1. List the helices (runs of 4 or more DSSP H) inside region 1-105, counting only whole elements, that have at least 1 residues being at pLDDT below 95.
2. Of all the residues that make up region 44-99, how many are of a type in the set (G, A, S) and either in contact with a Lys or Arg (Cβ under 6 Å, 6 or more places away or on another chain) or without any contact (Cβ under 8 Å) to a residue 40 or more places away in the chain (or both)?
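The values are calculated or read from the model by the stated rules, or taken from the named source; none is laboratory data. Predicted model, so just to flag it, every value in this text is computed and none were measured. In this analysis, Cβ positions are derived from the backbone assuming ideal geometry, glycine residues included, and neighbour counts consider all displayed protein chains.
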Amino acid sequence: MKKSLLIIVLSYFLFVPIAFASTNTFPRTEENYLVPSDVQVTDVNKMDILKTPAVDSSEKLYDFADLFTDQEEADIYQKMYDFMGISQYDVAIVTTKDMNGFIIGDYTNNFYDYNSFKDEGVIFTIYLGGIDPQIYMGVNGLPESEIRKIYTDARTRQTLEYVYKGIKAGNYFLATDNFVKILKGFYEIDHEKSYVIDDRGNVVKDIPWTEIIILATALSFIIVFLLVNRLKKYNVVKYSDNIESKLDSNSISITTEKDELVDRVLSKAK
């Protein structure tokens, strides 16, 4: 009997999906505001602090609006941690139907500032308590920090415009999944150094002309050297009329791409 019970318990944990999103909050009081140590509580901000949900900042995904299935939570959670691993930035994603009297920008920024997230990070909020859904992306970091240079105001607007297509269609998982992919895509584009943004805002391949010239010169030297040695070996005094004819014209192929910015970022992140 005990053995059968153990099998049932193990089966439960093996086959029942684990919830990765949190809905846990903790009560803030004037005796304990539950804010990070670097946040100073004043008469100006204390009411905002008390109205802001206090959460465990290690949980990252807060699905208060219950928008995702367990499997969708797991997929989003994994992508968030993959991105945080390569970037060292923090990420928080919040869904809610109640912003406690705040407008979405204040709710989002307070949520990040008054909980113990890293100094540099990104937060994304989906609000469904009004006539139309609202979304907001907050970028946290000093004005001169790298994160601000990657996630500029222009890129933030472009990201939200793209993601909102899924929100409007009621596909909240697709929208959130795309959001995390875009975060990773922008980060990789700015760190790979082989892509640049042109004047029209498109991502284009940055052709490394210096490296190509050096490589072409080196290849030419090697080819000439090998040909000369081969002619000497067989005592053949004959010069090629056109050494370039011995080269495969398709051996070096350079292409440029000018897709729409967010589409390029998404394909890069897949």
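1. 2-15, 70-87
2. Let us first name the residues in region 44-99 that are of a type in the set (G, A, S), namely 54, 57-58, 65, 74, 85, 87, 92.
Still in the running and either in contact with a Lys or Arg (Cβ under 6 Å, 6 or more places away or on another chain) or without any contact (Cβ under 8 Å) to a residue 40 or more places away in the chain (or both): 54, 58, 65, 85, 92.
Summing the residues that are of a type in the set (G, A, S) and either in contact with a Lys or Arg (Cβ under 6 Å, 6 or more places away or on another chain) or without any contact (Cβ under 8 Å) to a residue 40 or more places away in the chain (or both) in region 44-99 gives 5.
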